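Before any comments, here is the structure.
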Amino acid sequence: GIHYLMQEIVASLIKRDHIAVCFDSPSFRVELYPKYKNGRVKNAAVISQIETVYEALSACGIQCFKFDGYEADDIID
């Protein structure tokens, strides 16, 4: 997952001057609907690296957005 994400970021930077990367945070949706994202396989290795990726991209000057209670789709919308 991290390798794929970095490939996409590099490809986007080649085509554009600016990009923004949005990250998920735990949201209220599971409380509203317990089966939300049920059946999706969570990769513990990727999850454990997300904060490091966020910090590294931010340090490189790439705009990163992450807000408590919101998923990346919410931020993009």
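Residue pairs whose Cβ atoms lie under 7 Å apart, separated by 6 or more positions or on different chains, with the first residue in the stretch 36-60 and of a type outside the set (F, W, Y) and the second surrounded by 11 or more Cβ atoms within 10 Å (Cβ to Cβ) and modelled with pLDDT of 90 or more, are I50/F23; L57/V21; L57/C64; S58/C64. Are there any pairs, at least 6 apart or on different chains, whose C-beta atoms fall under 6 Å, with the first in the stretch 6-25 and more than 25 Å from K42 (Cβ to Cβ) and the second part of a helix (DSSP H, G or I), and if so, which? Close Cβ pairs (under 6 Å, with a partner that is part of a helix (DSSP H, G or I)) amount to I19/S12.
The number of residues in the stretch 39-61 being in contact with a strand residue (DSSP E or B) (Cβ under 6 Å, 6 or more places away or on another chain) and of a type outside the set (F, W, Y) comes to 2. Just to verify a result, which residue in the stretch 1-31, among those that are more than 14 Å from C64 (Cα to Cα), of a type in the set (V, I, T) and at pLDDT 90 or above, is least open to solvent (accessible area, probe 1.4 Å)? So, considering only residues that are more than 14 Å from C64 (Cα to Cα), of a type in the set (V, I, T) and at pLDDT 90 or above, the one least open to solvent (accessible area, probe 1.4 Å) is V10. Check the stretch 32-49 and report whether any residue there is open to solvent by 60 Å² or more (accessible area, probe 1.4 Å), touching a helix residue (DSSP H, G or I) at 6+ places or on another chain (Cβ under 9 Å) and within 18 Å of H3 (Cβ to Cβ). Yes, because at least one residue in the stretch 32-49 is open to solvent by 60 Å² or more (accessible area, probe 1.4 Å), touching a helix residue (DSSP H, G or I) at 6+ places or on another chain (Cβ under 9 Å) and within 18 Å of H3 (Cβ to Cβ).
The values are calculated or read from the model by the stated rules, or taken from the named source; none is laboratory data. Just so you know, these numbers come straight off a predicted model, no measurement behind them. Heads up, the Cβs are rebuilt from the backbone with ideal geometry, glycines too, and the neighbour counts pull from every protein chain shown. The accessibility values were calculated without ligands, DNA or RNA, using every heavy atom of the protein model including side chains. Shrake-Rupley method; radii C 1.70, N 1.55, O 1.52, S 1.80 Å.
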